[in-house]
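Engineer: Here it is, the structure in full.
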2 protein chains.
Amino acid sequence: MLKELGIEFEHVPVNFTDGSTHTPEFLKINPNGRVPAYESDGLCLFESLAINLYLARKHDSPLSPANLEEDALMTQWTHWVITEIEKPLLLAAANLILFDEDKRSLAELEIALKKLARPLGVLNQHLSERRYLVAERFTVADLNVSAVMTLARLAALDMSAWPNVDRWLEACLERPAAADWKVISFKIPRPETDLGVLAMFV
Amino acid sequence: MLKELGIEFEHVPVNFTDGSTHTPEFLKINPNGRVPAYESDGLCLFESLAINLYLARKHDSPLSPANLEEDALMTQWTHWVITEIEKPLLLAAANLILFDEDKRSLAELEIALKKLARPLGVLNQHLSERRYLVAERFTVADLNVSAVMTLARLAALDMSAWPNVDRWLEACLERPAAADWKVISFKIPRPETDLGVLAMFV
C-alpha cells in the first residue's frame, strides 16, 4: 500500500520465528507479537488490512474511498476476505505446498476447496460485471482481497472454475507495487495430531 | 448499532436454517447467503462489523471516530476480534454449550482456550490502563469487539484470568441498546468426523 501511494517508508524486517516479535520493544508496537506492525508519528497499528484501509483514507489517491459508501464497500470486502477466504485458503495452501510433501492430506485439501467454492463463486459473479471490486477502479478493496489471495498463486491453486477471479487477481498482482509477493517462500511444519491441525487453523 | 445511534429501522428476520437466505431476493442483498445484511437508499452491505463501522462513520455520535487516527484504531480492533477471537471462541462455545452435551470434547475446548489466552491477555493488558478500547469512551470498536464476545457470556466462559476484559465486557453488554443478545439461544449439531469439525471451524 505504501508503494502504491508513493510514500517513503522504512521497512524493518522482523523474524517471527526467532522470538524477535516478542521482545519488549516490539510488543510496544504490536502487543500481539505479530507482523506486520505500523508506526508513524506516534501512531502504532496492527492488523495489516486495517493498516491499508487507514493509509488509503489518510492519503488521497485513486485507491482511496471517495465517499462513505465507497468506504463501506471497501471495508465490507476486506472483512469478507478475512471471514470467508483467509483460513480455508491457508488450509488448502498447507496441503498443496506449505506442509512437507509426505505430510499433506488430500482430505483436508478437499475440505478447504469445498469451503472456498462458495465465496470464490460469489466473487466470480461479482467480477462478471465489473473489472474491480468497487467503483470501477483499483482500490484498497482490491489490494486487501488480492493480498490475502496471493496464497492461491503461491500454492498454484487451480482457479479455472472462477475465471473472472483469476483475471482480476492477475491484474492486481501484476501491478508494479505488488511485485514483492513473488519471492515469498515458507514452509509450515505439520502438527503431529489432528487436534494440532484444528488448533493451527481455527 | 442502529439502536445506539437512535436510528429508526425495520428488522426483517431471515431464517438461515430453512433456505430463506438463499432465495433470489435475499441473494440480491447479500450474495453470500448470510445474515445479517443491510439495505438503505440503494446501498446493500454484508459483513456485520463492516456495517457497524459504516454506520458509525455516517452518523455522527460519541461512538463515531472523531478523526482518521481514531478510525484506524477502531478498524484495527475490529479486524483483531475477527482474526484472533471469533473462531476459537466459537470452538470453545461449541464444546461448552452449542454441541449436545454428549458430543462435547474437552480436548477441543482446551485447544480453543489455549488459543484464546494470548489475545485475551493482550486485551486485558490494554484495558488495564483505560476503560474502553479507543479514546476513553464507548465507541464502535467496543461495540464490535463485545458483539463477538457475547459468545463468551452465552457459553458462561470463565473470564477470571482476564478481570479487565470481564469488567469491560459487562459494561458493553449492559448498555440498553445491547439487550437483545440475552435471548439468543441456538445449538450446533456436531459434525460426525474430526475432518467435519475442521471443516466447520476453519
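Engineer: Here are A:Arg130, A:Arg137: which of them is free of Cβ contacts under 8 Å to residues at least 12 places away in the same chain and not in a helix (DSSP H, G or I)?
Structural biologist: It is A:Arg130.
Engineer: Moving on. If I go through region B:50-68 residue by residue, how many of them are of a type in the set (D, E, K, R) and more than 10 Å from every other protein chain (Cβ to nearest Cβ)?
Structural biologist: 1
Engineer: Is it the case, given these coordinates, that A:Leu127 is within 12 Å of chain B (Cβ to nearest Cβ), within 30 Å of A:His59 (Cβ to Cβ) and crowded, with 18+ Cβ neighbours inside 10 Å?
Structural biologist: In short, yes.
Engineer: Among the numbered criteria (1) crowded, with 18+ Cβ neighbours inside 10 Å; (2) of a type in the set (Asp, Glu); (3) out of contact with any Leu (no Cβ under 9 Å at 6 or more places or on another chain), which one does A:Asp142 miss?
Structural biologist: It fails just one condition, (3).
Engineer: Let me ask something else. Take the conditions facing chain B (nearest Cβ under 9 Å), of a type outside the set (Val, Ile, Thr) and within 28 Å of A:Leu55 (Cβ to Cβ) and apply them to A:Leu90. Does it pass?
Structural biologist: Values: facing chain B (nearest Cβ under 9 Å): yes; of a type outside the set (Val, Ile, Thr): yes; within 28 Å of A:Leu55 (Cβ to Cβ): yes.
So A:Leu90 fits the description; yes.
Engineer: Restricting to region B:172-202, and then to whatever is more than 9 Å from chain A (Cβ to nearest Cβ), of a type in the set (A, V, I, L, M, F, W, C) and part of a loop (DSSP other than H, G, I, E, B), can you tell me which residue is surrounded by the fewest Cβ atoms within 10 Å (Cβ to Cβ)?
Structural biologist: Selected residue: B:Phe186.
Engineer: Related question: Would you point out the residue of region A:34-49, among those that are within 7 Å of chain B (Cβ to nearest Cβ) and either touching a Leu at 6+ places or on another chain (Cβ under 6 Å) or at negative phi (or both), that is surrounded by the fewest Cβ atoms within 10 Å (Cβ to Cβ)?
Structural biologist: Step one: of region A:34-49, the residues within 7 Å of chain B (Cβ to nearest Cβ) are A:43, A:45-47, A:49.
Those left that are additionally either touching a Leu at 6+ places or on another chain (Cβ under 6 Å) or at negative phi (or both): A:43, A:45-46, A:49.
On the way: A:Leu43: 13, A:Leu45: 22, A:Phe46: 23, A:Leu49: 25.
For region A:34-49, the residue satisfying everything is A:Leu43.
Engineer: Which condition breaks for A:Thr83 when tested against (1) modelled with pLDDT of 95 or more; (2) not in a helix (DSSP H, G or I)?
Structural biologist: A:Thr83 satisfies every listed condition except (2).
Engineer: Which residue is surrounded by the fewest Cβ atoms within 10 Å (Cβ to Cβ), if the candidates are limited to region B:72-87 and must be more than 7 Å from chain A (Cβ to nearest Cβ) and farther than 30 Å from B:Leu106 by Cα?
Structural biologist: B:Leu73
Engineer: Starting from residues that are at pLDDT below 95 and among the charged types (D, E, K, R), keep the ones in region B:155-197 and report whichever is nearest to B:Ala107 (Cα to Cα).
Structural biologist: Among those that are at pLDDT below 95 and among the charged types (D, E, K, R), it is B:Asp194.
The values are calculated or read from the model by the stated rules, or taken from the named source; none is laboratory data. Please read all numbers here as calculations on a predicted model, not as lab measurements. In this analysis, Cβ positions are derived from the backbone assuming ideal geometry, glycine residues included, and neighbour counts consider all displayed protein chains.
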